[in-house]
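Trainee: The structure under discussion is supplied below as structure tokens; questions concerning it will follow.
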Amino acid sequence: MKIGFIGLGNMGGPMAANLVAAGHEVSGFDLAAPMPEGVTPAGSGVEAATGAEVVITMLPNGAILRKVADEIIPAMTKGAVFADCSTVDVDSARAVAEQAHNAGLSAVDAPVSGGVTGAAAGTLTFMAGGDEDGFAKVAPLLDIMGQKAVHCGPSGNGQAAKICNNMILGATMIVTCEAFALADKLGLDRQAMYDVVSTSSGYSWSMNAYTPAPGIGATSPADNGYKPGFAAELMLKDLRLAQQAAETVDADTPMGQAARDLYARFVEQESGEGMDFSAMLPRFETRGRG
Ligand code: NAD
């Protein structure tokens, strides 16, 4: 397939490389990132998009996505698919999809989970929103870049699934970390707590698959000095998107709001920036209730 790929950063670079390795013809554009081997460099987003059957974007946020969409949609071939894999706000995803539809294109929002290791290994999970035709056309590409793709409904629903998942993840990680710090103060051994919780009703992905305590449970960033992994500032981005969406539809999300506020404090006022999001545990260890 002839593919345009715009945004070749930490995630987009390895994703584009996997498409090339599977035999697709990829024309790429990024303002700064190096071109992955085998990707044909384009001089602009418009050049990468021109003549492509599918254009994939992997960009930092919704404002940049809207700007890139304004530029490339008029240049795309009718019937082609605009597939955005960035994590952006639901409103931007829906606005860009409408713009694409009005121009005779298909549109799919397909944010990912799995991080840079998943992008490199081709084991991402995609949660997709958009029309059936567009999804069917990009599904074989998602299969190359990932291990699973779930079609969640119309445009914007991929982003909705992503922020709901990460709101659960953020809140669950915080409470898992505060429980370990509470256990310490109560004289409860961390291994004993893990052995109980990981097989009891308090178990979760945060506890069982990403244990935030060094040397306990699953091997995770905690065993590597809390080097990310999934950086606290990326978690903060997703928690802010969740609250932005909740405000738009008047949804009551007190735990998600508390998680956003705590990660904002951790990243912007404390030492959280550049740390894995599970570094909430050393944060709680050193604090009292005041
Ligand atoms: P990144 O900053 O490494 O890559 C973004 C790239 O977009 C950069 O190389 C930048 O130069 C390029 N760019 C910006 N504006 C552009 C423009 N107008 N035209 C062309 N290129 C432009 O970020 P990333 O880690 O690759 O993340 C990309 C997206 O994936 C984000 O939305 C992020 O939230 C999401 N995501 C990231 C992870 C992760 O672990 N890194 C996990 C899941 C989802």
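Trainee: Within the bounds of the stretch 215-230, is there any residue that is touching a Gly at 6+ places or on another chain (Cβ under 6 Å), within 24 Å of Gly62 (Cα to Cα), within 16 Å of the ligand (Cβ to nearest atom) and not in a loop (DSSP other than H, G, I, E, B)?
Mentor: No; the residues of the stretch 215-230 include none that is touching a Gly at 6+ places or on another chain (Cβ under 6 Å), within 24 Å of Gly62 (Cα to Cα), within 16 Å of the ligand (Cβ to nearest atom) and not in a loop (DSSP other than H, G, I, E, B).
Trainee: Same structure, new question: Collect the residues in the stretch 74-93 that are near the ligand (Cβ under 8 Å from one of its atoms) and farther than 17 Å from Pro14 by Cα, keeping them in residue-number order.
Mentor: Val88
Trainee: Right, here's the next one. With Ala213, Ala192 as the choices, which residue is open to solvent by less than 50 Å² (accessible area, probe 1.4 Å) and touching a Lys or Arg at 6+ places or on another chain (Cβ under 8 Å)?
Mentor: Ala213
Trainee: If a residue has to be part of a strand (DSSP E or B), over 14 Å from the mean Cα position of the chain (by Cα) and crowded, with 17+ Cβ neighbours inside 10 Å to count, how many in the stretch 123-166 make the cut?
Mentor: Here the count works out to 3.
Trainee: Report yes if Arg240 is farther than 26 Å from Gly288 by Cα, in a helix (DSSP H, G or I) and within 16 Å of the ligand (Cβ to nearest atom), otherwise no.
Mentor: Against the criterion (farther than 26 Å from Gly288 by Cα, in a helix (DSSP H, G or I) and within 16 Å of the ligand (Cβ to nearest atom)), Arg240 qualifies.
Trainee: Of all the residues that make up the stretch 50-68, how many are within 14 Å of the ligand (Cβ to nearest atom) and part of a loop (DSSP other than H, G, I, E, B)?
Mentor: So the answer is 4.
Trainee: OK, next. In the stretch 216-253, how many are surrounded by 15 or more Cβ atoms within 10 Å (Cβ to Cβ), more than 22 Å from the chain's Cα centre (by Cα) and on the phi > 0 side of the Ramachandran plot?
Mentor: The number of residues fulfilling the criteria is 1.
Trainee: Something else now. Which residue out of Gly28, Gly118 is in a strand (DSSP E or B) and either within 11 Å of the ligand (Cβ to nearest atom) or at pLDDT below 95 (or both)?
Mentor: Sole residue among the options that is in a strand (DSSP E or B) and either within 11 Å of the ligand (Cβ to nearest atom) or at pLDDT below 95 (or both): Gly28.
Trainee: Which is open to solvent by 30 Å² or more (accessible area, probe 1.4 Å), within 15 Å of Ala119 (Cα to Cα) and part of a loop (DSSP other than H, G, I, E, B), of Asn10, Asn18?
Mentor: Asn10
Trainee: In the list Glu71, Glu47, Glu98, which residue meets the criterion of being open to solvent by 40 Å² or more (accessible area, probe 1.4 Å), acidic (Asp, Glu), more than 16 Å from the ligand (Cβ to nearest atom) and farther than 24 Å from Lys237 by Cα?
Mentor: The conditions single out Glu98.
The values are calculated or read from the model by the stated rules, or taken from the named source; none is laboratory data. All values reported here derive from a predicted model rather than from experimental measurement. Cβ: placed from backbone, ideal geometry, glycine included. Neighbour counts: every protein chain shown. Heavy atoms of the whole protein, side chains included, go into the accessibility calculation; ligands, DNA and RNA do not. Shrake-Rupley method; radii C 1.70, N 1.55, O 1.52, S 1.80 Å.
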